[in-house]
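Coordinate-derived values only; no laboratory data. Being a predicted model, the structure only gives us computed values, none of them experimental. Reconstructed Cβ throughout: ideal geometry from the backbone, glycine too, with neighbour counts over all protein chains shown.
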Amino acid sequence: MSNKVLVETSARHVHLSREDLDVLFGKGYELTVKKDLSQPGQYACEERVTVVGPKKSIERVGILGPVRPASQVEVSFTDARTLGISAPVKESGDIAGTPGCKLVGPCGEVEIDKGVIVAKRHIHFTPAEAEAAGVSDKEIVKVKVVSDRTTIFDDVVVRVNPNFSAAMHIDTDESNASAAFGLVYGEIIK
């Protein structure tokens, strides 16, 4: 059993629907790949937007591609407080009952009525990787990150899909609190 997993920091970012991308950057606009991410087919884009909350704005927030069925903004709790938004902890893609915000791009702005979340910490695995680690889809585990500030993260959801690649994702608040900088691995604890 391989119970070690790469730990990556997922900074604030935006996923856009085709419709919102057209408003923010112009009809038919195609995102520009800046770099591929660890999850196959996912990439960071050159394009940036401003996220506007009731209290403040955060400028130059990165966009991750490709486009999605619905726009979504993933922030840390620190970012949410800065914006003045009470963002709940949710799995990416689960935006039902979440608050919205305004997104501003070079060609326009959109008000999304939902989609601002603090992403639930999670591990991506292929079915073979999950089997090797002795875990299953939607299982909740703990992960021990050994660093200058060793931390055990509880309530980590395992997400299994043939299109994934093994990696645990935590947000910037969690990364800073656990000193998970550079190449860091976590140990899955059941």
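Quick one: which of Lys35/Lys56; Lys27/Lys90; Lys34/Lys102; Lys55/Lys90 span more than 27 angstrom between C-alpha atoms? Table pairs above 27 Å Cα-Cα are Lys35/Lys56; Lys27/Lys90. Just add up the charged neighbours of Phe77: K/R +1, D/E -1, any other residue whose Cβ is under 9 Å from the Cβ of Phe77. Around Phe77, the surrounding residues sum to -2. Taking a straight Cα-Cα cut-off under 19 Å and skipping sequence neighbours fewer than 8 places away in the same chain, the aspartates and glutamates within cross-link reach of Lys190 are Glu129, Glu131, Asp137, Glu139, Asp154, Asp155.
Peptides 14-21, 122-129 ordered by packing proxy, namely the average of other Cβ atoms within 10 Å per residue, highest first: 14-21, 122-129.
Net charge dipole, the stretch 126-171: roughly 60 debye, given to the nearest 20, about the Cα centre with Cβ charges of +1 for Lys and Arg and -1 for Asp and Glu. Taking label positions 7 Å along the Cα-Cβ direction at both Leu6 and Lys34, the computed distance is 1.9 nm, reported to one decimal. Note on Ser147 and Asp94: their simple-model spin labels are 2.4 nm apart, each label 7 Å out from Cα toward Cβ. Using only the Cα atoms of the stretch 13-61, build the gyration tensor, take square roots of its eigenvalues as a ≥ b ≥ c, and label the shape rounded, prolate or oblate: rounded if a/c is under 1.5, else prolate if a/b is larger than b/c, else oblate. Here the stretch 13-61 falls in the oblate category.
Once you have a ≥ b ≥ c as the square roots of the Cα gyration tensor eigenvalues for the stretch 102-190, tell me rounded if a/c is under 1.5, and otherwise prolate or oblate according to whether a/b is larger than b/c. Because a/c hits 1.5 or more and a/b fails to exceed b/c, the stretch 102-190 counts as oblate. Other residues lying with their Cβ under 12 Å from the Cβ of Glu174 contribute a combined charge of -2, Lys and Arg counting +1, Asp and Glu -1.
Around the Cα centre of the chain, unit charges on the Cβ atoms of Lys, Arg, Asp and Glu (plus for the first two, minus for the last two) sum to a dipole of about 280 debye.
The helix-based estimate of mean residue ellipticity at 222 nm for the chain, built from -39,500 (n - 2.57) per DSSP H run of four or more residues and divided by its residue count, is -4000 deg cm²/dmol to the nearest 500. Each of Leu83, Ser2, Pro66 was placed along the dipole of the chain (beta-carbon charges, centred on the mean Cα), and the one lying farthest toward the positive end is Leu83. Name the most mobile residue of Lys55, Lys144, Lys114, meaning the one with the largest mean-square fluctuation, in a Gaussian network model of the chain with Cα contacts below 10 Å. Highest fluctuation among the options: Lys55. Length available on full extension from Asp154 to Ala70: 0.36 nm per residue minus the Cα-Cα distance, which gives 27.4 nm. Restricting attention to the chain, close to 70% of DSSP beta bridges with both partner residues there are antiparallel.
Taking every alpha-carbon pair under 8 Å whose residues sit at least 6 apart, the stretch 121-189 reaches a relative contact order of 45 percent.
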